[in-house]
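Following: one structure in structure tokens, then a few remarks.
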Amino acid sequence: MSPDSSDRPGPTTGAPVRVPAATVALSTASAYPETCVDAFAMAADLGYDGVEVMVWPDPVTQDAAALQRLSDHYSMPVLAVHAPTLLVTQRVWGRDPWAKVERSCELARRLGAPTVVVHPPFRWQREYATGFVEGVVEISARTGVTIAVENMYPWRARGREVLAYLPGWDPVPLPYSHVTLDLSHTATAGSDGLGMARDLGGRLAHVHLADGLGSAKDEHLVPGRGGQPCGAVLGLLAERGWEGCVVVEVNTRRCRTRAERESDLAESLAFARLHLAAPAAAEGRVPGAPPLPPERLVPPEGGPEILLDADGEVVVGADGEVQVTEAGWPSP
């Protein structure tokens, strides 16, 4: 006998899930110490929408033709370019910071990427910093590429807080038209990432998705493994119908195998897809995730330390480069 119709499940009463317009890209920095080529391959295998190219000493990241071939081969569009304005990319494309921004926009334009991510000027780049806000507007208008300035954090060394950026590390009070919100940087700064996303409003153009526990060292953990409101920020974007790009920018250098690295990147992608499709709880953690052990709050060992003089000033060499104790993987 066929079951009575009353036994059959009725229609659901919840609102339908809306497929978000936001894209989810993989930063090539997330593949380190593997290469840019490996990043394209993993992004394609795991189902990312595209990549963000971190311009790096790796020649492939600087070569538009090589990147276009990778994009075509893997059917992975380049959705953003990260300019070489990091502390450890001081020698990439020369020492003129404006030339780096110009070349990054030209690279993005040739690849069809709509966005270039830049860090704010360092304190010792005074001439660059003086005209930074106006220069970003002028280059963006001339090239047709959105330049999104990234939030940073105060530097801490030997128990001191160092003013490292001009006009400042927090973009919220500054007159930038477009901003990149990095959720690992908010952890290091002790900022309210969800509050920043709300305060930025329509100026929020780009997101770097990562997590952190508030260590003085920028951690770039897989989202959901730290204390940042990653899920809540993505849920806010979903509610807004935000159409920008969420870029997974996590540190996988401790992964011992390709399989471990891909597992972390697949988990990050799943987190982004889940929380972009439905608003998340305010704490931003994956439901049911166990609490993190207290020892995770201990800063990782072995990273480069910035040298300070007796007055607490950052030591800059005659060549204009910041002096550090050793080379190491940068904080993106």
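Could you order peptides 33-40, 137-144 by the average number of other Cβ atoms within 10 Å of their residues, highest first?
Answer by packing, highest mean first, reads 33-40, 137-144.
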>> Just to be sure I follow: if Rg is taken over the C-alpha atoms of segment 79-135 and Rh is the Kirkwood radius over the same atoms, what is Rg/Rh?
In response: 0.96
> For segment 40-143, what is the relative contact order in percent, using Cα pairs closer than 8 Å and at least 6 residues apart in sequence?
Replying inline: 24
>> Classify segment 121-195 from the C-alpha gyration tensor, please: rounded if a/c falls under 1.5, else prolate or oblate depending on whether a/b exceeds b/c.
In response: oblate
> Is segment 64-196 rounded, prolate or oblate when judged by the Cα gyration tensor, a ≥ b ≥ c being the square roots of its eigenvalues, rounded requiring a/c under 1.5 and prolate requiring a/b larger than b/c?
Replying inline: prolate
> So, with +1 on the Cβ of K and R and -1 on the Cβ of D and E, and no other charges, what is the size of the charge dipole of segment 27-173 about its Cα centre, to the nearest 20 debye?
Replying inline: 560
>> Kirkwood Rh over alpha-carbon pairs of segment 185-224, then Stokes-Einstein at 20 °C and 1.002 mPa s: what D in µm² s⁻¹, rounded to an integer?
In response: 199
> Over all Cα pairs of segment 37-79, how is the pair count split among 10 Å bins, expressed in % and running from 0 up to the last occupied bin?
Replying inline: 31, 61, 8
> So who's got an amide H within less than 5 Å of the one on Leu209, skipping anything under 5 residues away but keeping other chains? H placed 1.01 Å off N, in plane.
Replying inline: Val247, Val248, Glu249
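Of the accessible area of segment 180-255, with the probe set at 1.4 angstrom, what percent is carbon plus sulfur? The partial results should precede the final answer.
Values: 850 of 2030 Å².
Carbon plus sulfur share of accessible area: 42 percent.
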> So how much slack lies between Lys217 and Asp38, counting 0.36 nm per residue of separation and subtracting their Cα-Cα distance, in nm?
Replying inline: 61.8 nm
> In whole Å, how far is the Cα centre of segment 174-224 from that of segment 107-161?
Replying inline: 15
> Any idea what the dipole of segment 160-212 comes to, in debye rounded to 20, about its Cα centre with Lys/Arg Cβ at +1 and Asp/Glu Cβ at -1?
Replying inline: 120
> Sorted by mean Cβ packing within 10 Å, highest first, what order do the peptides 125-135, 145-155 take?
Replying inline: 145-155, 125-135
> Points 7 angstrom from Cα along the Cβ direction at His73 and Leu87: gap in nanometres?
Replying inline: 3.4
>> Starting from 0.36 nm per residue, how many nanometres of slack lie between Val162 and Arg254 once their C-alpha separation is accounted for?
In response: 30.3 nm
>> Expected output is a single nm value to one decimal: the length gained when fully extending between Asp192 and Ala270, i.e. 0.36 nm times separation in residues minus the C-alpha distance. What is it?
In response: 25.7 nm
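The values are calculated or read from the model by the stated rules, or taken from the named source; none is laboratory data. Nothing here was measured: the structure is a model prediction, and the numbers come from that model. So basically every Cβ, Gly included, is an ideal-geometry build from the backbone, and we count neighbours across all protein chains shown. Each accessible area value is taken on the protein alone, full model and side chains, heavy atoms only, with ligands, DNA and RNA left out. Shrake-Rupley method; radii C 1.70, N 1.55, O 1.52, S 1.80 Å.
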